[in-house]
Structures are given as structure tokens and as C-alpha cells.
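A short write-up of the structure that comes next.
The values are calculated or read from the model by the stated rules, or taken from the named source; none is laboratory data. Owing to the predicted nature of the structure, the values given are computational and were not obtained by experimental measurement. Neighbour counts run over all protein chains shown; Cβ positions are idealised from the backbone, glycine included. Each accessible area value is taken on the protein alone, full model and side chains, heavy atoms only, with ligands, DNA and RNA left out. Shrake-Rupley method; radii C 1.70, N 1.55, O 1.52, S 1.80 Å.
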Amino acid sequence: MSPMQGVPTFARSRRATLRVLCALAALGGTPLRTALAAEDDPSNGPAECVVPAKPGGGFDLSCMLAREALQAVRPARPPLARRYLPGGIGAVAFDRVATGRLGGPSTLVAFSSGSLLNLAQGRFGPHSPSAVRWIATLGTDYGVIAVHRDAPFRTLADLVAALRQDPGRLAFGAGGTVGSQDWVKAALLVRAAGRDHKAMRFVAFEGGGDALAALQGRHVDVFPGDAAEALQAQAGGAPLRILAVLAEARLSGALAGIPTAREQGIELVWLTVRGLYLGADAPESAVRAWTEAFRQAVASPGYAALRERHGLHPFEPLTGAALEDFVRLRIEDYQRLAGELGLRRWSR
């Protein structure tokens, strides 16, 4: 008779498991520790950050920042992987997470103020903000108005004068369709020029990266995007001229030499808060683990320099209930703005 004959199945399985664990321990214990840590705390194990757009835009920057921020405070954890899932500037990713087709305790998704604007209009499908768990804010970006380096517009006033003369002569190009945050920035600029925003031309792209490429090729005239992605494109050699930053006051760093719209007589401010969410089906322990992980990350001494390197600016670090309240209030603000602009409210 075999030594294992007559031994109950569960006992044999337990012995086999123990042999595997002992073998891992003999190899130094690292795989064992990683496996156990991931099961107990997914923020310490293999995980991914979903970029709900094509490469090169603000969502991509958010996932890169999240990866580096986590590594800074938890150097032993596996680097956060990136997965690209374009579609509707976040709509496809949100729908898949909300319906359980994508997610789990180890799948984070990047969001921005633009995501909340789309939620406010019902553009993310029949889902409420509570369909996901809001984990953390990473910082804020600011809107910019940019043109090709060889464009005739040297200042925002030059561009506004052209829009006042004929708002349909220039083509705005940016991420998202009618109702997206980049469309709203363009609409508010046209209104500031004293013209009807419905007369403007807007070309929709799947993310800021594609829109910037179109501007480089002179296929569109104006980019109402975000500062971080514009600066990243400039650093890569893109022939851009940023006419204005849509901040309350002049920013520091690489944008210190660029005036705000306010400085140029145009009352236009647009913040793009960036952060991460998790599927609502994730265990409460996973939500707490990720929340704590990013609370530690953004509170670390080196985070400010890391955030600046990715083109983001300070924003109150929000997690848990405070972030949920922020999301709710911001969505209410965006619903009022959408009404003012005559945007259709998609039914949920």
C-alpha cells in the first residue's frame, strides 16, 4: 500500500500545500512572502493601473505617477503595471468596472475631473458614482489653451479676437466629444469672446495624445487641453505655443512664464483633479489597504517632487469619505454647468 493510501483527500492536499510552502521558504521565502502579502493586502502584491485612453495623455501620467509613488514608499512591492483601455474617455473602463467585467482588488483605474463631468451628464452608462470605490486624489492639473508654434496668435487676446470675428473659422481639437471637459473649456472660451459656443468647430479625439498629434500636423488650430500633457509633448519636441494657463494665479516651474487667462482679461479657470478608483465589488479590506497605501504615498517627503515631475500641482489629498463627498459635490457643480451650456443629460 502507498504511504498516502487511506489518508483523507483534504489531508493529502494540506500536506501538498505545506510541501510547496516549505520549498518556497527554502528558496529564500520571497515568493512566499509576496504571495501571502498579496492575499492579505493587495496593495503590496502584483496589481495594475488601467489607463482609460490611448497612451500619452493625462490618464497615462496618472498611472505613471501612481506607480512611482507606491514604489517610493514600498520598494519591495512589484511595480504597478499599466493597461490601456481606450473608449469614450473613460466610459468603457467605468462600465466594465461597474458591471464586474473588469476589476477585483488589484485593479485600479485612473480618473480625472473630466470623468466626473461625464458622470454628471450620464455619459458613463446607467451607473451612479457609487458604482465604484473612490480611492485617492494624486494632485491637480490645469487647463491650457495652446496653438501650433507657427500659428499667428501670440497671445490669448489674439485668439479671442479671431473667435469674436468668426468662431467657426478655427477648429478646436481635444480629447472627448461634445460635453467633455476639453469641449467645455473651448465652449467657455468662445462664450468669453462674446459668441455662441454652438457656432464653434470641435474635432473629437480619443485622448490628449491624439489631439496634440493633430495640432502638430496643423489638422486643428487650437488645443484646449491640460498643462501636463502639453508640457510632456513640448518636452518631446512638439511645436506648441501655450497661450494661457487656466489657473487662478500664475503657476510655478515650467509654467511660470505663461500668463493665466485671468491675467489676459478672460475669466476662465479649469482644474483637472486626478486620482484613482477601484471596483465596488472589491472587498472592504482591499479598499482600506489601497486607501492607506496612497495616503502614505502622497504624504511621503519626496512626493511633491515626484508629482511636479509628472506635471501635477498640489491638491488636498483626499481618500475615503472625504473623497466621496468631493466627487458628489463636484458632480453637482458639473450638472449645473452642463445645464448652462445646454448639454443633453443622458438617461441612466
Fully extended contour minus Cα-Cα distance, from A171 to D196, at 0.36 nm per residue: 7.5 nm
Dipole magnitude of segment 78-227 about its Cα centre (Cβ charges: Lys, Arg +1; Asp, Glu -1), debye to nearest 20: 180 debye
Computed lengthening from A72 to R288, 0.36 nm per intervening residue step minus Cα-Cα distance: 75.8 nm
For segment 60-118 versus segment 242-305, the gap between their alpha-carbon centres in whole angstrom: 15 Å
Rough spin-label spacing in nm, given labels placed 7 Å along Cα→Cβ, for A321 and A249: 3.2 nm
Residue-by-residue Karplus 3J(HN,Hα) for segment 186-192, coefficients 6.51, -1.76, 1.60, Hz, glycine and proline x: 5, 4, 5, 5, 5, 5, 5
Placed amide H near L102: partners under 5 Å, 5+ positions off or other chain: V97
Order by protection proxy (mean Cβ within 10 Å, highest first), peptides 162-171, 47-56, 127-136: 47-56, 127-136, 162-171
Percent accessible area from carbon and sulfur atoms, the chain, protein chains only, probe 1.4 Å: 54 percent
Degrees between helix 58-73 axis and first principal axis of the chain (Cα, 0 to 90, nearest 10): 40 degrees
Fraction in percent of alpha-carbon pairs per bin - 10 Å, the chain: 5, 24, 30, 20, 10, 5, 3, 2, 1, 0
Kirkwood hydrodynamic radius of segment 211-304, Cα pairs, Å: 16.4 Å
Net lengthening on full extension, A235/L341 (0.36 nm per residue, minus Cα-Cα): 34.7 nm
Amide H contacts under 5 Å for V51, placed H, 5+ residues apart: R83, Y84, L85
Highest to lowest packing among 109-116, 61-68, scored as the average C-beta count within 10 Å: 109-116, 61-68
Size of electric dipole in segment 147-228: Cβ of Lys, Arg +1 and of Asp, Glu -1, about Cα centre, debye, nearest 20: 300 debye
Computed [θ] at 222 nm, helices only, for the chain once each DSSP H run of length n ≥ 4 contributes -39500 (n - 2.57): -13000 deg cm²/dmol
C-alpha long axis of helix 284-299 to longest principal axis of the chain, angle in °: 60 degrees
Nonlocal amide H pairs with I135, under 5 Å, H built at 1.01 Å: L276, Y277, L278
Karplus-derived HN-Hα couplings along segment 303-310 (A = 6.51, B = -1.76, C = 1.60, θ = phi - 60°), whole Hz, x at Gly and Pro: 5, 4, 5, 5, 4, 5, 5, 9
Net charge, L159 excluded, C-beta distance under 15 Å - Lys, Arg +1, Asp, Glu -1: +4
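Using the Cα centre as the reference, give the magnitude of the dipole from point charges on the C-beta atoms of the chain (Lys, Arg: +1; Asp, Glu: -1; all else neutral), rounded to the nearest 20 debye.
That gives the chain a dipole magnitude of about 680 debye.
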For the chain, share of DSSP beta bridges that run antiparallel, in % to the nearest 5: 65 percent
